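The next block holds one structure in the form of structure tokens; read it before the comments.
The values are calculated or read from the model by the stated rules, or taken from the named source; none is laboratory data. What you see is a predicted model, and the numbers here were worked out from it, not measured in a lab. Every residue, glycine among them, receives a Cβ derived from its backbone with ideal geometry; neighbour counts consider all protein chains shown. Just so you know, the surface numbers come from the protein's heavy atoms only, side chains and all, with ligands and any DNA or RNA stripped out. Shrake-Rupley method; radii C 1.70, N 1.55, O 1.52, S 1.80 Å.
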Amino acid sequence: MHIQRTVFREDHEMFRTTVRRFFERECVPRQADWDKAGQVDRETWLKAGREGLLCITLPTEYGGGGGDFGHSAIYSEEYARSGISGVAFSMHSDIIAPYIARCGSEEQKQKWLPGAASGEIILGIAMTEPGTGSDLKAVRTTARREGDEYVINGSKTFISNGHTADLMIVVCKTDPEAGAKGISLIAVETGRPGYQRGRKLDKVGLKAQDTAELFFDNLRVPVGNLLGEEGKGFAYLMGELPQERFTIAVSAAARLEVSLEQTIEYVKSRQAFGQSVWDFQNTRFKLADIKAQATAVRLMIDHYLAEHMRRRLTLEEAAIAKLYATETLGKALDEMVQLHGGYGYMLEYPVARAFADSRVTRIYGGTTFVAGSAIFNAPDYAEVIRAMHAELAQARK
């Protein structure tokens, strides 16, 4: 790809060098061990914290790097380019920590964010439940207030960092009769009685990412663990959803580019029927189409990245980015696996790992169907989204 990119500053590119070196030195050699263990070891989390790679956008007073989303985008790009898999640093830093930073009280920020930035407190968020999928309004986990405590009961599934997290933000109903307006976010220290970890889930890809079931059986937490206000949880989730979806899109764009580069290199070296696979006209047609799509994705992502760095990215634009980038990546990877022939199905080849790992990008962060609905503000969400936008606009004043 030869696109002149203007979205990053010099300090962003300096950060890129740090991230790339960390991945090469600390992550690539450990990938096989992580895959077998089904999780990333704690020492690597602590090393990432010492290198300043966790919570880079948090204010320095809470232990963060004081950076902007450009630094987060650099991380996502280098993660995709490195070929490593299942390291949930970005989810921890760019998806979960912002809930505490933007919704939490000063006491909560001081209590949890410095540990998140150092790697001593690993974060998770428990949204999805069996049978509900992406429909957050339908969550059945309840938090009943009893005096100065909430009593939480319910279950969650597909929870990243399910076994390793020290602090889990639980999406629950504090008012089960109020639909979306009855949802609240409660931070739960995972060592509390009643917090039960289920089995680690055996996924198609992302083998090193700890993904588990969770169960809450009369789990008691202080009322002071509520993030923000009761009943505002859905609005908080919608407020952070654009960044979550856009982070997925940024990574998908970089994964598409690096997979294309690797495939071109492979077909030029691979011999078939007395010539390189590159020499077949059909191969060039296929790769030309993928390159055109990758170029379109890159131009779109960089445009939206500039907007997000100015805090102007909307929910609809983030949904467009995720929808187009992940769908394009999925279809292109299928073609690139085919161009590798039988070797494309072997996990020792980067294209096979990318194929297995990237399939979930069209599911998490809101499935393709849900992302498509968000582009047109589906009626079920429109009222809440309008209210959320109004609240955010007022807060920025």
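Give all pairs with beta carbons closer than 7 Å in which a residue from segment 17-37 that is of a type in the set (Asp, Glu) meets a residue that is not in a helix (DSSP H, G or I); count only pairs at least 6 apart in sequence or on separate chains.
Asp35/Lys207; Asp35/Ala208
Can you tell me which residue within segment 258-282, out of those that are in contact with a Ser or Thr (Cβ under 9 Å, 6 or more places away or on another chain) and of a type outside the set (A, V, I, L, M, F, W, C), is surrounded by the fewest Cβ atoms within 10 Å (Cβ to Cβ)?
Looking at residues that are in contact with a Ser or Thr (Cβ under 9 Å, 6 or more places away or on another chain) and of a type outside the set (A, V, I, L, M, F, W, C), I get Ser269.
Inspect all residues belonging to segment 141-148 and state whether any of them is open to solvent by less than 40 Å² (accessible area, probe 1.4 Å) and out of contact with any Asp or Glu (no Cβ under 8 Å at 6 or more places or on another chain).
Yes, because at least one residue in segment 141-148 is open to solvent by less than 40 Å² (accessible area, probe 1.4 Å) and out of contact with any Asp or Glu (no Cβ under 8 Å at 6 or more places or on another chain).
Can you pull out every residue in segment 202-239 that is out of contact with any Gly (no Cβ under 7 Å at 6 or more places or on another chain), more than 14 Å from Ile152 (Cα to Cα) and crowded, with 20+ Cβ neighbours inside 10 Å?
Lys232, Gly233, Phe234, Ala235, Leu237, Met238, Gly239 - these are the residues of segment 202-239 that are out of contact with any Gly (no Cβ under 7 Å at 6 or more places or on another chain), more than 14 Å from Ile152 (Cα to Cα) and crowded, with 20+ Cβ neighbours inside 10 Å.
Here is a check on your reading of the model: is His71 closer than 27 Å to Lys36 by Cβ, open to solvent by less than 30 Å² (accessible area, probe 1.4 Å) and touching a Gly at 6+ places or on another chain (Cβ under 9 Å)?
no
Considering only residues that are open to solvent by 70 Å² or more (accessible area, probe 1.4 Å) and in a helix (DSSP H, G or I), which ones fall in segment 7-27?
Glu10, Glu13, Met14, Arg20, Arg21, Glu24, Arg25
Determine which member of the set Lys331, Lys268, Lys286 is more than 23 Å from Thr6 (Cα to Cα) and touching a Leu at 6+ places or on another chain (Cβ under 7 Å).
Lys286 is the lone residue from the list that is more than 23 Å from Thr6 (Cα to Cα) and touching a Leu at 6+ places or on another chain (Cβ under 7 Å).
Being within 18 Å of Asn161 (Cα to Cα) and of a type in the set (Asp, Glu): is that true of Asp68 here?
no
Return the only residue of Ala187, Ala252 being assigned to a strand (DSSP E or B) and surrounded by 19 or more Cβ atoms within 10 Å (Cβ to Cβ).
Step by step, each of Ala187, Ala252 is checked, and only Ala187 is assigned to a strand (DSSP E or B) and surrounded by 19 or more Cβ atoms within 10 Å (Cβ to Cβ).
Residue under question is Met91, and the condition is that it be under 17 Å from the mean Cα position of the chain (by Cα) and either open to solvent by 20 Å² or more (accessible area, probe 1.4 Å) or without any contact (Cβ under 8 Å) to a residue 12 or more places away in the chain (or both); does it hold?
Here the answer is yes, as Met91 does meet what is asked.
Which one of these does Gln4 not meet: (1) open to solvent by 70 Å² or more (accessible area, probe 1.4 Å); (2) at pLDDT 95 or above; (3) under 26 Å from Ala321 (Cα atoms)?
(2)
Before we move on, is Leu123 surrounded by 23 or more Cβ atoms within 10 Å (Cβ to Cβ), in contact with a strand residue (DSSP E or B) (Cβ under 7 Å, 6 or more places away or on another chain) and within 30 Å of Arg359 (Cβ to Cβ)?
Answer is yes for this residue.
Quick one: is Ser155 among the polar types (S, T, N, Q), open to solvent by 10 Å² or more (accessible area, probe 1.4 Å), more than 18 Å from Ile363 (Cα to Cα) and touching a residue at least 40 places away in the same chain (Cβ under 8 Å)?
yes
For Lys137, which of the numbered conditions (1) at pLDDT 95 or above; (2) open to solvent by 40 Å² or more (accessible area, probe 1.4 Å); (3) charged (D, E, K, R) fails to hold?
(1)
Looking at (1) closer than 24 Å to Leu339 by Cβ; (2) touching a residue at least 40 places away in the same chain (Cβ under 8 Å); (3) in contact with a Phe, Trp or Tyr (Cβ under 9 Å, 6 or more places away or on another chain); (4) aliphatic (A, V, I, L, M), can you tell me which one Ala296 breaks?
Evaluating Ala296 over (1) closer than 24 Å to Leu339 by Cβ; (2) touching a residue at least 40 places away in the same chain (Cβ under 8 Å); (3) in contact with a Phe, Trp or Tyr (Cβ under 9 Å, 6 or more places away or on another chain); (4) aliphatic (A, V, I, L, M) leaves (2) as the failure.
List pairs: first in segment 304-320 and of a type in the set (D, E, K, R), second not in a helix (DSSP H, G or I), Cβ under 6 Å, 6+ apart or cross-chain?
Glu307/Leu313
Just checking, does segment 162-170 include any residue being more than 23 Å from Gly38 (Cβ to Cβ) and in contact with a helix residue (DSSP H, G or I) (Cβ under 9 Å, 6 or more places away or on another chain)?
No, segment 162-170 contains no residue that is more than 23 Å from Gly38 (Cβ to Cβ) and in contact with a helix residue (DSSP H, G or I) (Cβ under 9 Å, 6 or more places away or on another chain).
Identify, from the list Leu347, Leu287, Leu299, the residue that is open to solvent by 50 Å² or more (accessible area, probe 1.4 Å), of a type outside the set (Gly, Ala, Ser) and more than 22 Å from the chain's Cα centre (by Cα).
Only one candidate passes the filter, namely Leu347.
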